[in-house]
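K.L.:
One structure follows; several queries about it will come next.
The values are calculated or read from the model by the stated rules, or taken from the named source; none is laboratory data. Since we're looking at a predicted model, the values are computed, not measured. Neighbour counts are summed over all protein chains in view; Cβ atoms, including those assigned to glycine, are modelled from backbone coordinates with ideal geometry.
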Amino acid sequence: MPAPGLVLLAAVLAMSWGGPLVRYATAPPLAVAAWRVAFSALLIAAIVVMRDRGATVRSLSGRDWVAAVASGLFLAAHFWSWIASLSYTTVASSVVLVSTQPIFVAVLSVLFLGERPQRAQWLGIGVAVAGAVVIGWGDFAGGPEPLLGDLLAVAGAVFVSFYYVIGRRLRQRMDLWSYTGVVYGVAATVLLVASAGHPGVAVFDHPGTDWLVFLALAAGPMMVGHTGVNYALRYVRAYVANLALLGEPIGATLLAWWLPGIEERPSSQLLAGGALILAGIALGVSVGRNPAAERPDRPWRKE
């Protein structure tokens, strides 16, 4: 099996395409989120059935089912809020702000995983918040819509942080495909039901280009990106895995600048705020980390 570091590198590269690809879709954010996860859930369901006809999933304890379902609900909320943010603000602003998730993961790690950050790590939180203020102030000058997009992106960061922290705990006793099968299945079901019940959101009536975007989002950012991070969560702490994801806003911003039809040139204010956020998160999740605490009893080659 591949080393977690290599998997995280591939995950970052794949997830960098998420924001730019969404910009090519004409479907409402809720439909984009639903089909992105649904196609991934279908593929993983096929893998689970081929492996043991779902016996591992059926043998999960009630407690694990509850936690996995909660993780799926948080994942659904993350995709809805983050993809919705792209309708109001730039790709760069959205991706940078949703990448504040390691801050929330660090806090949740204290509350639920017993992993307490050091004083210097809390300082990093302050630096990152200052960067978010810089970006938010610039978007406020552009009117209420960019600011709403920023708030939705931060909400997406909070939701996905719960998803990663739950995943960190469950992946210690659940294999990758069983865990992602349940979580993606729950998220897809919630998003499809929400799409069907939401006025003005079509579930199936989308142009062919939108279906290509849905498939691309499922194949890259979901199957390689999110699934890759879930693979690594068995072997590294949640906030360490999230530290690797800080490369996503850089990749997404460059792609949004380069891809035809988007061509969003990052402003100097966005670059300054983004630099503060990335510096603050890097400080907040890396200073004082103890590599010996990364579950040495579970070497990566065992899965």
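K.L.:
Which members of the stretch 190-219 meet the condition of being among the hydroxyl-bearing types (S, T, Y) and out of contact with any helix residue (DSSP H, G or I) (no Cβ under 8 Å at 6 or more places or on another chain)?
P.N.:
T209
K.L.:
Looking only at residues in the stretch 246-288 that are crowded, with 17+ Cβ neighbours inside 10 Å and modelled with pLDDT under 75, which one is farthest from the chain's Cα centre (by Cα)?
P.N.:
The qualifying residue farthest from the chain's Cα centre (by Cα) is G284.
K.L.:
Moving on. Just the residues that are buried (at least 20 other Cβ atoms within 10 Å of the Cβ) and either assigned to a loop (DSSP other than H, G, I, E, B) or small (G, A, S) (or both), please, taken from the stretch 184-217.
P.N.:
Result: G185, A187, A188, S195.
Let's see how each residue does on (1) at pLDDT below 90; (2) of a type in the set (A, V, I, L, M); (3) out of contact with any Phe, Trp or Tyr (no Cβ under 6 Å at 6 or more places or on another chain):
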| position | (1), (2), (3) |
| --- | --- |
| G18 | yes, no, yes |
| R23 | yes, no, yes |
| A27 | no, yes, yes |
| L42 | no, yes, yes |
| V48 | no, yes, no |
| A55 | yes, yes, yes |
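K.L.:
Here's a follow-up. Filter the stretch 1-46 down to the residues that are within 15 Å of the chain's Cα centre (by Cα) and not in a helix (DSSP H, G or I), then identify the one that is farthest from I250 (Cα to Cα).
P.N.:
W17
K.L.:
Somewhere in the stretch 103-125, is a residue hydrophobic (A, V, I, L, M, F, W, C), over 19 Å from A25 (Cβ atoms), modelled with pLDDT under 80 and in contact with a helix residue (DSSP H, G or I) (Cβ under 6 Å, 6 or more places away or on another chain)?
P.N.:
Among the residues of the stretch 103-125, at least one is hydrophobic (A, V, I, L, M, F, W, C), over 19 Å from A25 (Cβ atoms), modelled with pLDDT under 80 and in contact with a helix residue (DSSP H, G or I) (Cβ under 6 Å, 6 or more places away or on another chain), which makes the answer yes.
K.L.:
Do you know which of the residues in the stretch 224-282 that are without any contact (Cβ under 8 Å) to a residue 40 or more places away in the chain and not hydrophobic (A, V, I, L, M, F, W, C) is farthest from G131 (Cα to Cα)?
P.N.:
In this case the residue turns out to be P260.
K.L.:
Turning to a different aspect of this structure: Looking only at the stretch 75-108, which residues are surrounded by fewer than 23 Cβ atoms within 10 Å (Cβ to Cβ) and either farther than 20 Å from E145 by Cβ or not small (G, A, S) (or both)?
P.N.:
Within the stretch 75-108, A77, Y88, F104, V107, L108 qualify.
K.L.:
A further question on this structure: Quick one: how many residues across the stretch 57-74 are polar (S, T, N, Q) and either out of contact with any Phe, Trp or Tyr (no Cβ under 6 Å at 6 or more places or on another chain) or surrounded by fewer than 24 Cβ atoms within 10 Å (Cβ to Cβ) (or both)?
P.N.:
Summing the residues that are polar (S, T, N, Q) and either out of contact with any Phe, Trp or Tyr (no Cβ under 6 Å at 6 or more places or on another chain) or surrounded by fewer than 24 Cβ atoms within 10 Å (Cβ to Cβ) (or both) in the stretch 57-74 gives 2.
K.L.:
Same structure again: Look at the stretch 211-236 and say how many of its residues are within 15 Å of R168 (Cβ to Cβ) and either aromatic (F, W, Y) or modelled with pLDDT under 80 (or both).
P.N.:
2
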